[in-house]
Structures are given as structure tokens and as C-alpha cells.
Number of protein chains: 2
Amino acid sequence: MQTLLRKTVFPVLGNEDLFDMEDAAKVEVPEGSVALTTDSFTVKPLFFPGGDIGKLSICGTVNDLAMRGAKPLFMTLALVLEEGLSFNKLEKALESVGKWAREAGVKIVSGDTKVVERGFADGMYINTTGVGVIFEGKEVSIRGAKEGDVLIINGFVGDHGMAVMNARESIFSDANLSSDCAPLWGLVDTMQDAACLHALRDPTRGGLGAALKEMAQASGCHLEIWEEDIPVRAPVEAACEMLGLDPLFVANEGKLLCAVAPLDADTVLCAMRSHPYGKEARIIGEVVSGKPGEVTVRTSMGTRRPLRMPSGEQLPRIC
Amino acid sequence: MQTLLRKTVFPVLGNEDLFDMEDAAKVEVPEGSVALTTDSFTVKPLFFPGGDIGKLSICGTVNDLAMRGAKPLFMTLALVLEEGLSFNKLEKALESVGKWAREAGVKIVSGDTKVVERGFADGMYINTTGVGVIFEGKEVSIRGAKEGDVLIINGFVGDHGMAVMNARESIFSDANLSSDCAPLWGLVDTMQDAACLHALRDPTRGGLGAALKEMAQASGCHLEIWEEDIPVRAPVEAACEMLGLDPLFVANEGKLLCAVAPLDADTVLCAMRSHPYGKEARIIGEVVSGKPGEVTVRTSMGTRRPLRMPSGEQLPRIC
């Protein structure tokens, strides 16, 4: 274990603090509130177009912090490895962890590695826990949406779920399906510089549909989305259609749903489009008066129907 | 998933913050440095005499914080559940999580649940990440042992490893083997009130032997332990003898190894014995002059031999 850690795990992560082998890391957090979030990643397969379990484990946790307006600072990394997992796969996954941690500006300060018998853990599981700082006045919450607010998304939905599913099942061999997995703190920071954000949510498991419903419930308001304005890439649309899936409920890993005051919408949109992860940002609906906790879909025909949550997960093990 | 969380996970944990379903929790950390540690628990079986995966997941992380002199404040809890795991087992494990979190004075503020297919994750894995505060002047490290220091342990070694092994393999059906799993922050706090602690380590995986070696290496000094003073319970001694194991290398989950200045040793011992988890505290050796990074065992015959680390783990999956 000591050899595995020193030879394979630590160098790839490039953080000398890990070498001192203390039981816990000591870190300094700047003044402000502390945001804390945890996520386990059990994605299958470990590598897929647009990402891998390592990238996912950084982005997923960075994004959960970003959705609270928290600047990600530190992360812990816990590996559960299946006996017999190739060093090559482990190294590739860890290189990706290191690369995306640097990209996202987080420091990995503490780790843990457990090895379980062959047949368990399906190659590897990763848990990351993130610590961020919420500077004075910068807190965002899923509870802050208000009637009249405009709903914005930063790009196409359903990319991650369909990319992972296709990588797992090889259904569409020539389809151009790639995960949108990306760390979103930089984008949130840019948006916060432009205006006050009322509410944020990253539409991961459960897709945009679940995120809308959760925001409606948490904020106690009624959301309306405009079906024809929901951006879906053609290959995702096609793949979903063939499999009977609704892209609204397919997972994303580089998307955020934002509620802002109508007067700020243009400023926020402009700011988002100036950022690499917000180029295709657009308005997809608004907060209307109506039954709190519910979401209405305005169809392309101009009719309205309630958004119904599918029972169960459409695609398990996508993160 | 929402139903599982609301009906089974949250109520048992008894922390209303979890109900707001934010992406990340916001917490306030008192002034001081922040200590951060993560641990995954894959113990087999999930329940064993003296503990279970839930208790272990709290104590393991609390103890890693305590070894830095950090008061445990917050914890995240990530579950990886095997499809088909009985609700009864899940509830029992979570009740234990809740009970021991309260006992240890930590608040569980953020969680995550993933379900993997039948055959994976062996029932359940738990990851906990702990956040603690290190008050000014209270930092402890594994690197602080100094020549002349006295080495103290808070009780019998090898209990946890042998209890789990026996629960797994049912070798000794009538043996009185029970895990020592316990949260040690209270004990450390009591010890710090009594005197300045030079170095701390919890002898978990790898047992007391590995902890001694790690302290010798990290502190750059030479440790000598007195074989006849290492406290081992009779049933643990007997079970180890029959299986050809050395209790020095069998895991503990409620023990700490401490180095203190010789003048403080009595005060610290007294303080420890006043605490429920330190009643059997005793001196087991000292820091001597000699080759740094090495550990010498003084045998009951008065001879001396170097402590050799066993290659590989004696008992996998004990935490």
C-alpha cells in the first residue's frame, strides 16, 4: 500500500502535502463561511468520450460547491480499488484527477485508498469531498428563485448521460456523443461579477427536469419552461428518440440552471457567453405565478402541460 | 432515491440541515486552522462484536482529526449501496452512524447515496470526510516525537482486527473477541489539557507496529518498545498465536500512540486513566538515540531486535 501510494498515487496528484502522511491535513480557509459537499463516483465505464471517472470526480464536487457560490479550495480523494485493476487504468484516472484539480484550482490535501477483492467495486470507485469558501454576500442557494425571474441554462442538455450510455452499450457506433463534464466555478464567478444570482442548480442525475422540479420545490415557486428553447444537440436528440428517453431527464455534468431577476438577464447572458463553458447560454423559461413546487412545460404548439418526473432513474451508474 | 433519502437516511441521522437538499452545506468554522481527512470503509462483515460499519465510519474519521489535535466539527457521509441490500441492515448501520456522530459531537452536514448493481460493493461501503478545527497552539502531528520522549498507549492492542476476523470466519466460536472501536477526541482533549503532546498516531491498519514505524520515520528518530509492556488481552493473544499473527500488527480502532516529554508522562497517564477510553493507558517504550526511522523491540529476555514490518496486510477488509 505504501509503495502504491508513493509510486502511483502521490506523484500524479503533484501535491507534496500528501507526502507527510499525517492522519489529517491542516489547511487555512480565508474568512467567510465554509461550504462542504461529498460525492461518490461509480460511473461505468471508467472512461468515456469527453471524460472519465477522474475528471468526473473533480468536476462533480467542484460544481456542487459552485452552486452555493463557493470558491472551491480543497478536496479529499478516496479510492476504492478492485484487486486486479490495471495500474495503467489507475494511473490514467489519477492523471485526470490531477489535471482537472489544477484546472479547477483545487488542492487535493487528504486521501485514502482501500483495495477490495476481485469482483467488487467494478474497477474503481472514487469519493471526493470538497471544501470551499463563500465570501460575504456571495452565497447562492437553490431556494432563491422568485416570481418574475428568468431561467437560464449554459448550453445543451443530455450530453453526459447519452455519452456514458453509448460508451457502455455501444448502441450508436458512429454517433457523435461526448460528455459535457466541466468544472463550473469559473463560470459562476464570472456570472456573479455581472449580477446577483437568485438560484443555482447543476442538473446532474435526473437531468434538467429534476433540477427544475427541485428548484420549484425548494424555492416554493412555479417554473415554466419553453420546450422549443431547451437546447439539445441533434445526435443526443436522435439517440434519445430511438431509446424512448426524454433528454430533459438525461444527466449533465457541465451544466447549470440559473434564476436571475429579469433586468439582469441580458447582463448575465452576456457574461456567460464570454466564458468557454457558457458560450451556448440561453433563456429557457421563467418563474411564473402558479402552484408552488410545480413546473409547467409550454410546448412548441403553445399549449401547456405539467412536467412529470419519470419514476426511477432513466440511466443508472452515469456518475 | 428521494424517497430512500427522506424516509430512511435523513430521519436516522437527525440533522435537519440535510433536508434542504442544497448541493453543498454551509457551515461556520470557529477561528483556527481547519483539519481535513477522508476515509472509506469497506469492512466485512458489516456488523461485528463491538461495532459495525456505521460506528467505524464515524470513529475512524473522528480519530484521524483527533490525531492532529483537531476538534471534530462536521462530517460528510457518502453511501455506496448494493442493490438488494436489506432496508433493515441499512437502517441499523445508519442508526449507528447517527448515534456515534452524536456521541462524538460531530454534525453530518452533507451526504451522497449511490446504488450499484447486485454483486458489487458487498452490501455497502461508506465514505466519511471530517472537518475539524485546530485551535491556536493545539496542533499535534506524527512528526513531533523527540529523543527522550516516553511512548504511551491507551490500552490493549489487536482487539479490532481479531474481532472482525473472527466475525468473518467464525474460527473461535466462544472466544471473547470484541472491537475496541471508539471516538478518541474526548480523550485527546483531556490529554491536551494535562500537558503538551509531542506526537500522536492511531494504530489502525497495520496495527501498533506500523504506527511506531511511521512515527519513527516521520519524526526522524529511533523508538524502542518494551515487549512485555505491550498490553494484549488473553483471547487476542491466544487467537493470534493459533493463526500465526503478531498482535503488534493487528488493527485497532480505538487506540492512540502518544509521545510526550518524560516529565509530563505521569500527568498525561493520570489524565488518560480518568477517561473511559484511557483506563488501561500505560507506558510501552521511549524515544532513544539510534538510527532514525527505526524501531527496536526490547524483549522480555532483555535482548534487543529490530521491529520488522510484515509484507502485505495481515488482514484485509478490517476497516
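The values are calculated or read from the model by the stated rules, or taken from the named source; none is laboratory data. The structure presented is a predicted model; accordingly, all values stated were derived computationally and were not measured. In this analysis, Cβ positions are derived from the backbone assuming ideal geometry, glycine residues included, and neighbour counts consider all displayed protein chains. The accessibility values were calculated without ligands, DNA or RNA, using every heavy atom of the protein model including side chains. Shrake-Rupley method; radii C 1.70, N 1.55, O 1.52, S 1.80 Å.
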**Q.** Which numbered condition A:Leu79 fails, given (1) within 10 Å of chain B (Cβ to nearest Cβ); (2) surrounded by fewer than 17 Cβ atoms within 10 Å (Cβ to Cβ); (3) more than 22 Å from A:Glu28 (Cα to Cα)
**A.** (2)
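Filter region A:32-47 for residues that are closer than 22 Å to B:Pro30 by Cβ and touching a Phe, Trp or Tyr at 6+ places or on another chain (Cβ under 7 Å); which is surrounded by the most Cβ atoms within 10 Å (Cβ to Cβ)? Give the derivation first.
So in region A:32-47, the residues closer than 22 Å to B:Pro30 by Cβ come out as A:32-38.
Right, trim to touching a Phe, Trp or Tyr at 6+ places or on another chain (Cβ under 7 Å) and you get A:32, A:36.
Details: A:Gly32: 19, A:Leu36: 26.
Top of the filtered list is A:Leu36.
Give the residue, chosen from A:Lys89, A:Lys71, A:Lys55, that is touching a helix residue (DSSP H, G or I) at 6+ places or on another chain (Cβ under 9 Å), away from chain B (no Cβ under 14 Å) and open to solvent by 10 Å² or more (accessible area, probe 1.4 Å).
A:Lys55
Among what's in region A:116-128 and is of a type in the set (A, V, I, L, M, F, W, C) and within 7 Å of another protein chain (Cβ to nearest Cβ), pick the residue that is nearest to the chain's Cα centre (by Cα). Spell out the reasoning first.
Narrowing region A:116-128 to residues of a type in the set (A, V, I, L, M, F, W, C): A:116, A:120-121, A:124, A:126.
Within this subset, residues satisfying the condition of being within 7 Å of another protein chain (Cβ to nearest Cβ) are A:116, A:120-121.
Working: A:Val116: 28, A:Phe120: 26, A:Ala121: 22 Å.
Selected residue: A:Ala121.
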Q: Given the conditions (1) open to solvent by 20 Å² or more (accessible area, probe 1.4 Å); (2) more than 8 Å from chain A (Cβ to nearest Cβ); (3) not hydrophobic (A, V, I, L, M, F, W, C), report the number of the one that B:Ser96 does not fulfil.
A: (1)
Q: Would you check if there is a residue in region B:72-86 being outside any strand (DSSP E or B) and out of contact with any strand residue (DSSP E or B) (no Cβ under 9 Å at 6 or more places or on another chain)?
A: yes
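For every residue, the table says whether it meets (1) buried (at least 22 other Cβ atoms within 10 Å of the Cβ); (2) not in a helix (DSSP H, G or I).
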{"site": "A:Val188", "(1), (2)": "yes, no"}
{"site": "A:Ala211", "(1), (2)": "yes, no"}
{"site": "A:Leu223", "(1), (2)": "yes, yes"}
{"site": "A:Glu241", "(1), (2)": "no, no"}
Q. Among the listed residues A:Ser173, A:Ser178, which satisfies the condition of being at pLDDT 95 or above, open to solvent by 40 Å² or more (accessible area, probe 1.4 Å) and hydroxyl-bearing (Ser, Thr, Tyr)?
A. A:Ser178
Q. How many residues are out of contact with any strand residue (DSSP E or B) (no Cβ under 9 Å at 6 or more places or on another chain) and not charged (D, E, K, R) when one looks only at region A:279-302?
A. 2
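Here's a check for you: in region A:243-263, which residue that is part of a helix (DSSP H, G or I) and surrounded by fewer than 19 Cβ atoms within 10 Å (Cβ to Cβ) is modelled with the lowest pLDDT?
Step one: filter region A:243-263 for residues part of a helix (DSSP H, G or I), giving A:243, A:247-249, A:262-263.
If we keep only those that are surrounded by fewer than 19 Cβ atoms within 10 Å (Cβ to Cβ) too, we end up with A:243, A:262-263.
On the way: A:Leu243: 88, A:Pro262: 98, A:Leu263: 98.
Ranking the candidates gives A:Leu243 first.
Within region A:129-163, can you find the residues that are within 9 Å of chain B (Cβ to nearest Cβ), within 15 Å of the chain's Cα centre (by Cα) and assigned to a strand (DSSP E or B)?
From region A:129-163, those within 9 Å of chain B (Cβ to nearest Cβ) are A:129-132, A:134, A:139, A:141-143; that's our starting set.
Applying the additional criterion that residues be within 15 Å of the chain's Cα centre (by Cα) yields A:129-130, A:142.
Of everything in region A:129-163, those that are within 9 Å of chain B (Cβ to nearest Cβ), within 15 Å of the chain's Cα centre (by Cα) and assigned to a strand (DSSP E or B) turn out to be A:Thr129, A:Gly130.
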(Q) With hydroxyl-bearing (Ser, Thr, Tyr), within 14 Å of chain B (Cβ to nearest Cβ) and surrounded by fewer than 17 Cβ atoms within 10 Å (Cβ to Cβ) as the only criterion, which of A:Ser274, A:Ser219, A:Ser311, A:Ser300 stands out? (A) A:Ser311
Q: Evaluate the following for A:Ile318: is it within 14 Å of chain B (Cβ to nearest Cβ), β-branched (Val, Ile, Thr) and open to solvent by less than 70 Å² (accessible area, probe 1.4 Å)?
A: yes
